[in-house]
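J.: Supplied in structure tokens, the structure appears directly below.
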Amino acid sequence: MISYIKGSLEVCGDDFIIVETGGLGYCVFVSPVALAQMPQTGSIIKIHTFLHVKEDDMVLYGFLHMEELQLFQKLIRVSGIGPKAAMGFLSNMTPQEIVVAILSEDVKTLCKSPGIGKKMAQRVILELKEKLEKQEIPISDTDHTATIRADYKQETVEALTALGYSRMEAERAIKQIASTKDMTTEQLLKAALRHMVRI
């Protein structure tokens, strides 16, 4: 198993990069999100990898962050989800957004990924929700939702879903609020609605 590759970024293609190390060039398939974050060619990069072995081929998939690789590995264990479909999820959402969508059973948001229909989204939720519930969702230092009381946040999400928004849309709106410290449910709801109107 190739855990990661560290070397010179030689080529950036439409959906892949080539990294040279030790005189060898490795073709690594990446998501559009990762591709957009690549430095200039010639730069030294480190990319976490997963080697997918088939009967007639071996393909390397690459990830800039370990949490992306870990979620990718969970997704491909779902029956019917292959590496391309798993990469499709990571092309549209961050790992945290995917986890939130699964835990909140937000089928609509999961279906926004290419090639994922309602039945497949429901299968992802069925097979991964229980496993993900046992883990903490990573929250970055810049995530303002960390300062919100959990009960206020939950009440706000429920109010927004009652108004017709998806749980994923509600979570995103709350995350975009500039200052959330000491805000009540009513204040959070008003701020979230103002943000949604601007989108």
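The values are calculated or read from the model by the stated rules, or taken from the named source; none is laboratory data. Note that the structure is a prediction, hence the values are computed from the model and not measured. Every residue, glycine among them, receives a Cβ derived from its backbone with ideal geometry; neighbour counts consider all protein chains shown. Heavy atoms of the whole protein, side chains included, go into the accessibility calculation; ligands, DNA and RNA do not. Shrake-Rupley method; radii C 1.70, N 1.55, O 1.52, S 1.80 Å.
J.: Taking the chain as a Gaussian network, where each spring joins two C-alpha atoms under 10 Å apart, which residue of Met183, Met58, Met38 fluctuates the most?
T.: Per the Cα network of the chain with a 10 Å cutoff, Met58 tops the list.
J.: Looking only at Cα atoms, what is the convex hull volume of the range 86-134 per residue, in Å³?
T.: On the way: hull volume 3.1 nm³, N = 49.
That works out to 63 Å³ per residue.
J.: Using the Karplus equation 6.51 cos²θ - 1.76 cosθ + 1.60 (θ = phi - 60°), what ³J(HN,Hα) coupling, rounded to whole Hz, does each residue of the range 48-56 give in order, writing x for Gly and Pro?
T.: 6, 10, 10, 9, 9, 9, 10, 4, 10
J.: Helix-only mean residue ellipticity at 222 nm, the chain, DSSP H runs n ≥ 4 weighted -39,500 (n - 2.57), per residue, nearest 500. What is it? List each step's numbers first, then the result.
T.: Working: 9 runs with 90 residues, N = 199.
Mean residue ellipticity, 222 nm, calculated: -13500 deg cm²/dmol.
J.: Run the numbers for Thr184 and Gln37: contour at 0.36 nm per residue of separation, minus the present Cα-Cα distance, in nm. Write out the running numbers ahead of the final one.
T.: On the way: separation 147, 0.36 × 147 = 52.92 nm, distance 3.68 nm.
Gain in length upon complete extension: 49.2 nm.
J.: Roughly how many percent of the accessible protein surface of the chain is carbon and sulfur, given a 1.4 Å probe and a whole-percent answer?
T.: On the way: 5880 of 11460 Å².
That fraction is 51 percent.
J.: Next up: Between Lys131 and Ser3, what FRET efficiency comes out of the Förster formula 1/(1 + (r/R0)^6) with R0 = 22 Å and r the beta carbon distance, rounded to 0.05?
T.: After rounding, the FRET efficiency stands at 0.50.
J.: By DSSP, what percent of the beta bridges with both residues in the chain are antiparallel, rounded to the nearest 5?
T.: 90 percent
J.: If you take the Cα Rg of the range 1-129 and divide it by 2.2 N^0.38 Å, with N the number of residues, what do you get?
T.: Details: Rg = 15.2 Å, N = 129, 2.2 N^0.38 = 13.9 Å.
Rg over 2.2 N^0.38 Å, computed on Cα atoms: 1.09.
J.: So which of Lys84/Lys129; Lys129/Lys153; Lys108/Lys129 end up more than 18 Å apart, counting from Cα to Cα?
T.: Working: Lys84/Lys129 21 Å; Lys129/Lys153 20 Å; Lys108/Lys129 16 Å.
The pairs that break the limit, which is 18 Å between Cα atoms, are Lys84/Lys129; Lys129/Lys153.
J.: Can you list residues whose amide H is under 5 Å from Tyr26's amide H, if they're 5+ apart or on another chain and H is modeled 1.01 Å from N?
T.: Distant-sequence amide H within range of Tyr26: Val19, Glu20, Thr21.
J.: At R0 = 22 Å, how high is the FRET efficiency between Lys46 and Asp14 if r is their beta carbon distance? Nearest 0.05 is fine.
T.: Values: r = 22 Å, r/R0 = 1.01.
Efficiency for this residue pair is about 0.50.
J.: So what is the diffusion coefficient of the range 1-66 in µm² per second by Stokes-Einstein at 25 °C and 0.890 mPa s, using a Kirkwood Rh over Cα pairs?
T.: Values: Rh = 11.8 Å.
In µm²/s, the coefficient is 207.
J.: For the chain, report the accessible area per residue in Å² (1.4 Å probe, heavy atoms, rounded to an integer).
T.: Details: 11460 Å² over 199 residues.
Normalised by residue count, the accessible surface of the chain is 58 Å².
J.: Tell me, in nm to one decimal, what length is gained between Arg194 and Asp57 on full extension, where the rule is 0.36 nm per residue of separation less the Cα-Cα distance?
T.: Working: separation 137, 0.36 × 137 = 49.32 nm, distance 5.05 nm.
Contour length minus Cα-Cα distance gives 44.3 nm.
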